[in-house]
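Trainee: One structure follows; several queries about it will come next.
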Amino acid sequence: MTGPIMQPQDFWQEIHPAGSFRTDVGHKGFYPAALPDGRQIRLPIRPLADGQHALASLIVNQASFGVLDALAGALAARLSAFRPDVVAGLPTLGLTLAAEVARKLGHTRYVPLGTSRKFWYDEALSVPLSSITTPDQVKRLYIDPRMLPLLQGRRVALIDDVISSGRSIRAGLALLDTIGVRPVATGAAMLQSDKWRADAAAPHDGWLDTVCGCLETPVLAKGPDGLWRPA
């Protein structure tokens with residue numbers, strides 16, 4: 001399945017009708033991921049270090065407004081069943097999605113978590129943070145102390161752009177746990193493979209049952225024909 005040649009700036013710009021691209025064949029330049037209603041979005045295929053496996057990639061803050069609107073709408077629809085009072089977003093790309101999801105849920109604001117330490121922050125309100133895209137860069141994830149009244153005692157939905165290794169979402173859950181908050185739901189635009197399910201008990205039991213995603217994409221393996229298929 002080669003399809004038209006796409007330039008880097010062409011990805012994440014269009015939502016296609018359901019069935020526009022076959023999913024039962026090999027893929028070359030892009031992987032067609034499906035929204036809950038069947039509509040498709042073309043995602044670039046990113047080969048991993050071994051050259052034999054790859055992942056479909058999504059960069060939310062490079063998406064068109066139409067694509068962002070579709071992703072936020074689909075995620076808000078799934079999160080609404082959990083009746084969240086407030087949305088908290090993980091940096092960096094999760095903030096773009098979290099703000100739109102909060103809007104779709106009818107909220108007037110959301111709570112951004114951050115990696116930039118302001119002088120009034122409390123180091124006790126932080127945890128280490130790394131991700132699959134920056135595994136060698138360990139930062140710290142912070143809650144602004146002024147935001148605590150918006151989170152404590154509330155039904156919180158924690159949102160990231162992509163859940164892949166699970167490092168970022170677990171850090172967010174661990175940080176909220178330090179202030180006595182266990183989110184009623186966690187969400188992402190894309191659930192990338194199922195590696196994030198590996199440690200179900202961290203940071204606390206039951207969190208896997210609260211995970212919602214718009215797109216689900218597998219690890220891809222290169223076949224003898226050079227095309228990528230679900231591993």
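The values are calculated or read from the model by the stated rules, or taken from the named source; none is laboratory data. Just so we're clear, the structure is a prediction, and the values are computed from it rather than from any experiment. Every residue, glycine among them, receives a Cβ derived from its backbone with ideal geometry; neighbour counts consider all protein chains shown. Accessible surface areas use protein heavy atoms only, side chains included; no ligands, DNA or RNA. Shrake-Rupley method; radii C 1.70, N 1.55, O 1.52, S 1.80 Å.
Trainee: Got a sec? Which residues in segment 107-129 would a label at residue 85 touch, if it sits 7 Å along Cα→Cβ and we count backbone N under 16 Å?
Mentor: Only 107-111 pass the distance filter.
Trainee: Sort 24, 177, 160 by accessible area with a 1.4 Å probe, largest first. The partial results should precede the final answer.
Mentor: On the way: 24 115, 177 55, 160 5 Å².
Descending accessible area places them as 24, 177, 160.
Trainee: Another one. With a Förster radius of 22 Å, plug the Cβ-Cβ distance of residue 119 and residue 174 into 1/(1 + (r/R0)^6) and report the FRET value to the nearest 0.05. Could the numbers behind the result be given before it?
Mentor: Working: r = 24 Å, r/R0 = 1.08.
Calculated value: 0.40.
Trainee: Quick one: accessible surface of residue 90, probe radius 1.4 Å, all protein chains present, in square angstrom to the nearest 10.
Mentor: Near enough 0 Å² of accessible area.
Trainee: Within straight cross-link reach of residue 195, meaning Cα distance under 22 Å, which lysines are found once same-chain residues fewer than 8 apart are removed?
Mentor: Straight-distance partners of residue 195: 139, 222.
Trainee: Share of the chain's accessible area from carbon and sulfur, percent, 1.4 Å?
Mentor: On the way: 5610 of 10940 Å².
For the chain, the apolar C and S fraction of the accessible surface comes to 51 percent.
Trainee: Between residue 197 and residue 46, what FRET efficiency comes out of the Förster formula 1/(1 + (r/R0)^6) with R0 = 25 Å and r the beta carbon distance, rounded to 0.05?
Mentor: Details: r = 21 Å, r/R0 = 0.83.
For residue 46 and residue 197, the calculated efficiency is 0.75.
Trainee: With label points built 7 Å along Cα→Cβ from the Cα atoms of residue 39 and residue 78, find their separation and express it in nm.
Mentor: Placing both labels 7 Å along Cα→Cβ, they lie 1.6 nm apart.
Trainee: Continuing with the same structure: Helix-only mean residue ellipticity at 222 nm, the chain, DSSP H runs n ≥ 4 weighted -39,500 (n - 2.57), per residue, nearest 500. What is it?
Mentor: Working: 4 runs with 42 residues, N = 231.
Computed mean residue ellipticity for the chain: -5500 deg cm²/dmol.
Trainee: If ligands, DNA and RNA are left out, what is the accessible area of residue 148 with a 1.4 Å probe, given in Å² to the nearest 10?
Mentor: Rounded to the nearest 10, the figure is 30 Å².
Trainee: Would you work out if segment 64-216 is rounded, prolate or oblate? Take a ≥ b ≥ c from the square roots of the eigenvalues of the alpha-carbon gyration tensor; rounded if a/c is under 1.5, else prolate when a/b is larger than b/c, oblate otherwise. Display every interim value, and only then the final one.
Mentor: Values: a/c = 1.35, a/b = 1.14, b/c = 1.19.
Because its axes are fairly even, with a/c under 1.5, segment 64-216 counts as rounded.
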